[in-house]
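Below: one structure, written as structure tokens.
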Amino acid sequence: MYYLEVLLMTGFFTRSRRVPWGIGQTMGLVMGISLSLFAPLVSAAPDHSGKSKVWIHLRDKGAPPASSQRVEEGKPLFGPYLEEIARAGATLEVELKWQNAVSAWVDPPTRERVSRLDFVSSVTEFPKKAHAPLPVPDFSPLTKTGRTQNSFGQFSTVFNHVGIDSAHALLEREGAMPGAGLTVAIIDADFFLGHASFSSLKNSGRIRDQWDFVAKTPAAVEPNKLAYSHGGSVLSLLAGVQPGVLSGAVPFADYLLYRAEDDASETFVEEDYVAAAIERAVDSGAQVINISLGYRYEFDEGDDHPYAWMDGRTRPASLAALGAARRNVLVVVSVGNLPSQPVVGPSLVSPADADSILAVGIVDASLQHCLYSCTGPAADGRIKPDLASVGPMAGCRVPTSDTRTEAEFEAQAGTSFAAPVIAALAALVWQAGGLPVAHQVRGALMLAGHRAQNPDNNLGYGVPNALQAIALLRSGGLGIRPGMRPHALRGRNLIRYSGGSHPIRLPSDLQEVPGNLELRDARGQSHPVLVKVGAVGWEIWPERKLPRGIYWLKVFPILPK
């Protein structure tokens, strides 16, 4: 299920499974809309009545493990094991090689038989979706604003907040085409691309790979269909081009499009499809992956994911996102939308809880937290979201292509439409940053957030600025991921500092201070420090209290005389 979103006409819509999600009463919401009312099935759903969907984790891959864990993870699941599971009566769904697991449909006797197989380590049931009465949709006409002079057209209202216009100008001065040479994957629901803004993408042959994990077909895209399309709306912010009307942020990138959301079936979650799509995207060469989907249900009922699971290392989709990050791919995920009723405490969804990714919330035009945007921290205490984008239109809405009609654009609410803006920004920063690696792009964007000195669990590190992130990368690169506990290493290094004046410890095996030290905040301001000998080695003490945020420590080596 996705935390959506949907178009705003007379009010402000998203959706939930307990009640139709309205940002509701706080925003003057009228009703929510379900895509299942007007998005027909791609193919007839198989009959799984009386069965449960389960994860089957395998003990090994049928041979002595490889010397490298990465090589071992990259090996496919052992075929004879899968054949034996199928003979036991299971209907296999998708294989996850990194996690050595397969999803399957089983009835109770089959589950018992599979559990007894000596090569099976565990069988666990998928969380279930909950049902809610669905209202009749109301497609009232949208009031369109005048066109802007900016080449982004209507998209300029959101792009200019994060400096995408400035990044384009920089690339153009250097003779580069925005997104050229990069591959971006979109993992989403339907891709109905009949709108004119997708003509350039389709005609240029830049859809390099596609797969429908729901229908199990190699065609995720319906190129000539006009209908509401969550995936198409997300894609338009990156790749849509309609001269004089709108232009996506990275129109010259290559795209991988994967349908991983079965909106018509609301029984079991599709985390297996999302995790499998992440693996395929990495194997297909993606540098950036956008996921505007999220999984956590009901918030207070039995089928909900316990919040303890939102630790980034429990849910399969989150583990897959972390696996992609370890393979030098930057994963950008919408942080999720709150239901109409207030939720006490953190409300994060999976895979936005994953470590080493960018979970994206949304703020309004004045950079204030939009009330529907889910909040952290993650269950293990990490700040979430990581960044925020802007919903500049009334009600925290974002302009996208109107995939239902030949109209120019529509306004939609939801963090689903914040994530692709940051994914596009990440692609531009990657392109302009001097061949960085994924964690450096992530770190630069977080350092360039407007709340980098005071992050919180509503906005994360804030709304990033493209040119600041590019400057950080071009100035020499960033050494380690942000989000690690306060420490320091040789060279220029990121430090997530919890605030105050506690010490930063240098490596315990360092016998002598290697040179002069400089501590700078995200805005480039230098802060004086003292170096002392602590109980376990050298310590760096700020001379005055510092606010919480990300800093970098530069060590100037002592040169021989």
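The values are calculated or read from the model by the stated rules, or taken from the named source; none is laboratory data. Here the structure is a predicted model, which means the values were calculated and not measured. All Cβ positions, even for glycine, are placed from backbone atoms using ideal geometry, and neighbour counts span all protein chains on display. Quick note on the areas: whole protein, heavy atoms, side chains included, nothing else; ligands and nucleic acids left out. Shrake-Rupley method; radii C 1.70, N 1.55, O 1.52, S 1.80 Å.
With a cut-off of at most 11 other beta carbons within 10 Å, and DSSP calling the residue loop, which trypsin sites (Lys or Arg not before Pro) in segment 175-212 qualify? Please list them.
In loop regions of segment 175-212 (DSSP not H, G, I, E or B), there are no sparsely surrounded trypsin sites (Lys or Arg not before Pro).
Between segment 47-88 and segment 198-240, what is the separation of their alpha carbon centroids in Å?
The distance from the Cα centre of segment 47-88 to that of segment 198-240 comes to 31 Å.
Roughly how many Å² is the accessible area per residue of segment 378-435, as a whole number, for a 1.4 Å probe?
Ligands and nucleic acids excluded, the figure is 19 Å² per residue.
Quick one: accessible surface of R397, probe radius 1.4 Å, all protein chains present, in square angstrom to the nearest 10.
40 Å²
Measure out, as a whole number of angstrom, how far apart the alpha-carbon centroids of segment 367-388 and segment 445-471 sit.
About 13 Å separates the Cα centre of segment 367-388 from the one of segment 445-471.
Given the pairs K51/K225; K51/K202; K53/K75; K51/K384, which are separated by over 32 angstrom at their Cα positions?
K51/K225; K51/K202; K51/K384
If you put +1 on each Lys and Arg Cβ and -1 on each Asp and Glu Cβ, how big is the dipole of segment 314-427 around its Cα centre, in Debye rounded to 20?
Roughly 380 debye, rounded to the nearest 20.
How much accessible area does W211 have with a 1.4 Å probe, in Å² rounded to the nearest 10?
Accessible area, nearest 10 Å²: 70 Å².
Kindly rank 411-423, 224-236 from highest to lowest mean number of other beta carbons found within 10 Å of each residue.
411-423, 224-236
If R0 is 35 Å, what FRET efficiency do you get for K532 and S475 from their C-beta distance, rounded to 0.05?
According to the calculation, E is roughly 0.75.
Put a dot 7 Å past each Cα toward the Cβ at D60 and R173; how far apart are the dots in nm?
It is 5.9 nm.
With the crude spin-label approximation of a point 7 Å out along Cα→Cβ, what separation in nm comes out for E112 versus A227?
4.2 nm
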